[in-house]
Amino acid sequence: MGLPTVDGDYMLNLTADLCRIPSPTGYTHRAVERALAEAEALGLEAVRTNKGSILIPLGGTGAGGRLLSAHLDTLGLMVKEIKPNGRLKLTMIGGYDWSTVEGEYCTIHTAKQGDITGTVVATLASFHTHGTALRDLKRDADGLEIRIDAPVNSADEVRALGISVGDFVSLDARTTLAGNGYIKSRHLDDKACVAINFGVAKALQTAGLTPAKPSWLYVSVWEEVGHGTSAGLPEGVEEVIAVDMAAVSQGQTSDEQATTVCVKDSTGPYDYALSRRLIDLAGANEIDCRVDIYNFYGSDVSQALRAGYDIRGALVGPGVDASHAYERLHVKSLEETARLLLAYLLEG
């Protein structure tokens, strides 16, 4: 019997929808509400953990529980300081290069006055006045700032807008569906994989199938800062698959139109037997699957293991170009990843 049909358009559109909702780590409530609404629309029972993650049972009986984890939190910023000139100094949420956010539109999420827009600009932003000094400026927390979309020229004027130190700042995702299967957007890491997991659940429901073993979806909201799955995993889980983006770049095998099994990242090798099972399942089901290693990477599996969970873990995900910058993927990578996860969940 073949695998259930996956709905690529569903996953692509849900990815776009989620990407357009601000959710830097620590400020994820809007995206969580959208994910909960999606679970309800699919008739899935969703449970919130104490630290804010979402747990969704998919059914299955016996021992050997399986869990697919994807994270909804993204990279972002916070207001570190209100400068005397009315600009905002920033602190980074998650790990990325400062140069990838220069010139990006952003939104400051104030506690009492709502959202206020701005732009991340260099502290020496005009070439006509600073010349080569702009070229030589280091892009870091001191070299970049937010220019607020309001007539402010002092710290007091900024505070009068309701902006304060500690306000979250989200980056404009600039989500664009190209019309030929590609989506380009910030935060495909890891909202595309949240959409994939929902796509897996939808495919099971449509086909009237239940996983071979007790299985869950887990939507974590603290992955980008290192403790997404450090708590809240259900009793009986023995295997955790981190569903997270596969980094497409020079020297890598990952591809935007394929899925990838990552066998090692910065935290060390993933479970050999589980990774091999996934690779073999891909071959048996004619799934375009690559095998890769990422030197500067960690996942929900890494975090669960560090927290002391006695699990076997592996990492699977769609190929994403320009990870932790302005990213891009193709719908085929969503479909191939969903098919591999279905093969895994249905395997006895």
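Rule-based calculations on the coordinates, nothing more; no lab input. Predicted model, so just to flag it, every value in this text is computed and none were measured. Because the Cβ atoms are built from the backbone with ideal geometry, glycine has one as well, and the counts that use them run over all protein chains shown.
With contacts defined as alpha carbon pairs under 8 Å and 6 or more residues apart, what's the relative contact order of region 213-296 in percent? Provide the component values of the computation, followed by the final result.
On the way: 73 pairs, mean separation 22.3, N = 84.
So the answer I get is 27 percent.
Calculate the length of the line joining the C-alpha centroid of region 316-336 to that of region 116-147, in whole Å.
Going from one Cα centre to the other spans 30 Å.
Along the Cα-to-Cβ line of residue 142, 7 Å from the Cα, sits a label point; which residues in region 92-124 have backbone N less than 17 Å from it?
Residues 92, 98-99, 122-124 fall inside that zone.
Could you give the length gained on full extension between residue 127 and residue 212, defined as 0.36 nm per residue of separation minus the Cα-Cα distance, in nm?
Working: separation 85, 0.36 × 85 = 30.60 nm, distance 6.17 nm.
Here the answer is 24.4 nm.
How high is the relative contact order of region 76-171, in percent, counting Cα pairs under 8 Å that sit 6 or more residues apart? Provide the component values of the computation, followed by the final result.
Working: 196 pairs, mean separation 42.1, N = 96.
About 44 percent, as a whole number.
Running a GNM on the chain with Cα contacts under 10 Å, which residue among 316, 158, 219 ends up with the highest mean-square fluctuation?
In the Gaussian network model the winner is 158.
What does the C-alpha gyration tensor say about the overall shape of region 76-171? Classify as rounded when a/c is under 1.5, otherwise prolate if a/b is larger than b/c, or oblate.
Details: a/c = 2.13, a/b = 1.38, b/c = 1.54.
Taking the square roots of the gyration eigenvalues as a ≥ b ≥ c, region 76-171 is oblate.
Sequence neighbours fewer than 8 away in the same chain don't count; with that in mind, list the lysines whose C-alpha is under 17 Å from residue 89.
Partners within reach: 80, 138.
Could you give the radius of gyration (one decimal) and Dmax (whole number) of the Cα atoms in region 213-308, in Å?
Answer for region 213-308, Rg first and Dmax second: 13.8, 41 Å.
Relative to the Cα centre, what is the charge dipole magnitude of region 76-171, using +1 at the beta carbon of each Lys and Arg, -1 at the beta carbon of each Asp and Glu, and rounding to the nearest 20 debye?
Dipole of region 76-171, to the nearest 20 debye: 120 debye.
Given an 8 Å cut-off on Cα distances and at least 6 residues of separation, report the relative contact order of the chain as a percent. Walk me through the numbers on the way to the answer.
Details: 829 pairs, mean separation 87.1, N = 348.
Averaging sequence separation for qualifying contacts and normalising by length gives 25 percent for the chain.
Around residue 326, what is the net charge, scoring Lys/Arg as +1 and Asp/Glu as -1 over all other residues with Cβ under 13 Å from its Cβ?
Working: positive: 174, 184, 186, 328; negative: 97, 102, 104, 172, 189, 321, 327.
Summing Lys/Arg as +1 and Asp/Glu as -1 gives -3.
Counting just the Cα atoms, what span does region 122-257 cover along each of its three principal axes? Round to the nearest Å and put the largest first.
65, 37, 28
Taking the mean number of other Cβ atoms within 10 Å as a proxy for protection, how do you rank 287-300, 233-246, 85-98 from highest to lowest? Each step should come with its number before you reach the end.
Details: 287-300: 20.1, 233-246: 23.2, 85-98: 17.6.
Taking the mean over residues of other Cβ atoms within 10 Å, the ranking is 233-246, 287-300, 85-98.
Report for the chain the percent antiparallel among DSSP-assigned beta bridges with both residues inside it, nearest 5.
Working: 43 of 68 bridges.
Restricted to the chain, the bridges split so that about 65 percent are antiparallel.
Rounding to the nearest 20 debye, state how big the charge dipole of the chain is about its Cα centre with +1 on each Lys and Arg Cβ and -1 on each Asp and Glu Cβ.
On the way: 31 positive and 45 negative charges, 84 e Å.
In debye, rounded to 20, the chain gives about 400.
Sort region 1-152 into rounded, prolate or oblate with this rule: let a ≥ b ≥ c be the square roots of the eigenvalues of the Cα gyration tensor; rounded if a/c is under 1.5, and if a/c is not under 1.5, prolate when a/b is larger than b/c, oblate otherwise.
Details: a/c = 2.82, a/b = 2.33, b/c = 1.21.
Cα axes put region 1-152 in the prolate bin.
Treating cross-link reach as a plain straight distance, find the aspartates and glutamates whose alpha-carbon is under 16 Å from the alpha-carbon of residue 213, omitting any fewer than eight places away in the same chain.
Filter leaves 235, 238, 239, 347.
Which residue, chosen from 220, 130, 10, occupies the Cα position most advanced towards the positive end of the dipole of the chain, where the dipole is computed from +1 (Lys, Arg) and -1 (Asp, Glu) charges on Cβ about the Cα centre?
The residue sitting most towards the positive pole is 130.
Taking the convex hull of the alpha carbon atoms in the chain, what volume per residue do you get, in Å³?
141 Å³
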